[in-house]
1. Any residue in the stretch 396-405 that is surrounded by 22 or more Cβ atoms within 10 Å (Cβ to Cβ), touching a strand residue (DSSP E or B) at 6+ places or on another chain (Cβ under 8 Å), of a type in the set (A, V, I, L, M, F, W, C) and assigned to a helix (DSSP H, G or I)?
2. Scan the stretch 202-216 and tell me whether some residue there is free of Cβ contacts under 8 Å to residues at least 60 places away in the same chain, among the aliphatic types (A, V, I, L, M) and assigned to a loop (DSSP other than H, G, I, E, B).
3. With the checklist (1) in contact (Cβ under 8 Å) with a residue 40 or more places away in the chain; (2) within 27 Å of R165 (Cβ to Cβ); (3) within 14 Å of the chain's Cα centre (by Cα) in hand, flag the one item V366 doesn't pass.
4. Regarding P525, is this residue closer than 26 Å to G450 by Cβ, in contact with a Ser or Thr (Cβ under 9 Å, 6 or more places away or on another chain) and not hydroxyl-bearing (S, T, Y)?
5. Report every pair of residues separated by at least 6 positions or lying on different chains whose Cβ atoms are under 6 Å apart, first residue within the stretch 548-572 and at negative phi, second not in a helix (DSSP H, G or I).
6. Among the residues of the stretch 28-47, is there at least one that is at pLDDT 80 or above, assigned to a helix (DSSP H, G or I), loosely packed, with under 14 Cβ neighbours inside 10 Å and among the small types (G, A, S)?
7. Residues in the stretch 302-317: is at least one touching a Leu at 6+ places or on another chain (Cβ under 6 Å), outside any helix (DSSP H, G or I) and either buried (at least 19 other Cβ atoms within 10 Å of the Cβ) or at negative phi (or both)?
Amino acid sequence: MKQVNGKNAETYGGDEGKTRSPLQAVLRYVTAPDEDQLEKFRSFVAEKSGVKDIEIKCILDSSLHGGFVLTIGNHEYDWSIGGRIAQMEEQLGKFQGSGSQGLGGIIPILKSRIEDFELEAKEKEVGAVSWVGDGIANIDGLDHAMYGEIVLFENGVKGMVQDIRRDEVSCILFGRDTGIRAGARVVRTFRRAGIPVGEGFLGRVVDPLGAPIDGGGEIIASGYRPMEEEAPGIIQRKSVSVPLETGILAIDSMFPIGRGQRELIIGDRQTGKTSIAMDTILNQKGKDVICIYTAIGQKASTIARLVNTLKKYEASEYTIVVAATASDPAPLQYIAPYSATALAEYFMHQGRDVLIVYDDLSKHAVAYRALSLLLERSPGREAYPGDVFYLHSRLLERSSRLNEEAGGGSITALPIVETQAGDVSAYIPTNVISITDGQIFLESDLFFSGMRPAVNVGLSVSRVGGAAQTKAMKKAAGSIRIDLAQYREMEVFTQFSSDLDAGTKEMLQYGKGLMELLKQPLCQPLSMAEQVITLCAATDRVMLDVPLSEMKDFQRGMLDWFAREHSDIMSELAGKKVLGDELKKRILDAARDFKQSRKQAKRLPAKPVR
């Protein structure tokens, strides 16, 4: 053993030319330790580090309230009163979310927790911030941090490890970075990023961390789920066969959506993408489907208007809104869809059906691109990082329909992607199209011509198809897609022709009537029975001679007529979901009766006004 700076120092492997200094440990205290206590601390450090030559630096720290905190390199051991309080709070959980009122509710929880409370020196791995800015922090010293782990900064802000390098880790911040400076302490929590879950979230508006932002008080959480979770395996899945009706005639008849499916809604801005998702949510009333709407990068006023619509139509009681507004940091926008999916998985594993809307994944990809560029990752096409495909594939693959052994629930996803000038061949649209089970393409020209929803029949598709339709709907829809395609082709072909034969004129009149019927006002979804009756009357040419300007009035009047005079037909359709020949004949006869009565009512002279 040699002397270095007046202290003993060990040599490396007998090499007399190389020495190392004693291991430095820092002991913070309120009451100074005596020699016996110091010797025990040295023994503890020697046991943990395997080094015999130890130097302990003692520092007075009145903020501990009592006890000791020992720091060895990046590891911290806490025997202080402050540490005990922190342990107790961790084991008790959040009182605010317990639903307890006053001491009467808290004391039983305290008693049950204190019985199992163990006083122990918890080991902490502590690092220091080397750089911070734009929602990103680089940290030195967290050598064993895991990807996706939550770290806690000394000012209370949480972050998630997003990049692991040889000499440092980088994390994204779930709060403002104004209170964090270089040199600030950062502690590992050994927990993956997650969100509290439970029935108490129904009817609430929360941020991506699960905190309520609707002013409705704290939420009772019954569990905790990680934001990132592996998608169910092939063996756990079941084929899509149960329809999830949107209530929109154009979609349910031609591009049906099934429970467990992922159907993309794509189109330019202001073409009605969110409206389709909202109508689908409103149509789930009374169908035991839980809905989760995820707002990514939207204005707070837009989200408030959407929440008011849900309340107006009594849909908020089965809907959760997860909101990361445009003013929120990019990290919160990035984790928002994963948090919403974790909430959905809680209900799915209970055997329940969930509909989740991601509005929209274009803004989500932009937020992730911003984070990746700040993390100094290599940019690729359109400056997006190389793993932007995996960003959405690992999210959307979590939507599925489970078999009975796995719980039997389902998550149906409606991701929304915004295009620029109708370009579906751009980077993010093509990525998401390749992941999903079909897309509903909304066209600007159709929208501005008054066709709403502006569904492009040629570019839209459902890869599940008739498997997600009831037998009644499948038979009633029949050849409507082919009829519309023929109409649009014939319309282009004959636009310069003046002399048309009777068959062509009838086809054009029939096609125009179908297009008019497919127009549907906002927040007025149709039931399956109403859709089947409308399609039967349309495809069998009952409405052929109805003027286009009166087509929607005729449809509404006919459906009211069926509800009043032929409720047995609607009940049979809703119950059996089968359209037999005999039932179809009854529908057509009733539709013709309504048409005849409507004509007679028009012929009657108006009553004189007295």
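1. Within the stretch 396-405 (the criterion being surrounded by 22 or more Cβ atoms within 10 Å (Cβ to Cβ), touching a strand residue (DSSP E or B) at 6+ places or on another chain (Cβ under 8 Å), of a type in the set (A, V, I, L, M, F, W, C) and assigned to a helix (DSSP H, G or I)), the answer is yes, since at least one residue qualifies.
2. Yes, that holds for at least one residue.
3. Evaluating V366 over (1) in contact (Cβ under 8 Å) with a residue 40 or more places away in the chain; (2) within 27 Å of R165 (Cβ to Cβ); (3) within 14 Å of the chain's Cα centre (by Cα) leaves (3) as the failure.
4. yes
5. Matching pairs, first to second residue: F554/V546.
6. Looking for residues that are at pLDDT 80 or above, assigned to a helix (DSSP H, G or I), loosely packed, with under 14 Cβ neighbours inside 10 Å and among the small types (G, A, S), one finds at least one in the stretch 28-47, hence yes.
7. Yes, the stretch 302-317 contains at least one residue that is touching a Leu at 6+ places or on another chain (Cβ under 6 Å), outside any helix (DSSP H, G or I) and either buried (at least 19 other Cβ atoms within 10 Å of the Cβ) or at negative phi (or both).
Conditions (1) over 26 Å from Q284 (Cα atoms); (2) part of a loop (DSSP other than H, G, I, E, B), marked per residue:
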| site | (1), (2) |
| --- | --- |
| Q524 | no, yes |
| A537 | no, no |
| A563 | no, no |
| L573 | no, no |
| K595 | yes, no |
| R598 | yes, no |
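The values are calculated or read from the model by the stated rules, or taken from the named source; none is laboratory data. All of these numbers come straight from a predicted model, not from anything done at the bench. Neighbour counts run over all protein chains shown; Cβ positions are idealised from the backbone, glycine included.
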